[in-house]
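**Student:** First, the structure itself, so that you have it in front of you.
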Amino acid sequence: MIDRDTVLHVARLARLELSEEEVARLTIELGAVLEHIETISRLDLEGVPPTSHVIDVTGALRADEPEPCLPRERALESAPEVLDDGFAVPSPQA
């Protein structure tokens, strides 16, 4: 279980200002999270491969295949202003 002082310590490390109501709520919520982690740590996970998703993700990304570059003239044809064969941008204000 997590106590009020630990919540305040973590909040201080994270540079968070919490109201008394938030401290009370986070004490309960973080305690529940830690209980779940404790439950998981008691499971026998020998032989279970690590995963990044709880379900199989297939076809999320296309194959990375090189393609010809867009010709410079085509890329610049909708630019509001062209300077030295590139996009003109305003100078930063000092």
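The values are calculated or read from the model by the stated rules, or taken from the named source; none is laboratory data. All values derive from a computational prediction rather than experimental measurement. Glycine also receives a Cβ, built like all others from the backbone with ideal geometry; neighbour counts cover every protein chain displayed.
**Student:** Can you tell me which residue in region 30-68 is surrounded by the fewest Cβ atoms within 10 Å (Cβ to Cβ), limited to those that are small (Gly, Ala, Ser) and under 26 Å from LEU8 (Cβ atoms)?
**Tutor:** My answer is SER41.
**Student:** Mind checking which helices (runs of 4 or more DSSP H) fall wholly inside region 1-79 and carry at least 2 residues that are farther than 30 Å from VAL89 by Cα?
**Tutor:** Fully inside region 1-79 and qualifying: 4-13, 20-41.
**Student:** For region 80-94, which residues satisfy the criterion of being over 35 Å from the mean Cα position of the chain (by Cα) and part of a loop (DSSP other than H, G, I, E, B)?
**Tutor:** The answer is GLU81, ASP84, ASP85.
**Student:** From THR39, THR27, which residue is out of contact with any Pro (no Cβ under 7 Å at 6 or more places or on another chain) and closer than 11 Å to MET1 by Cα?
**Tutor:** The unique qualifying residue is THR27.
**Student:** With respect to ALA24, determine if the residue is at pLDDT 95 or above and within 24 Å of the chain's Cα centre (by Cα).
**Tutor:** no
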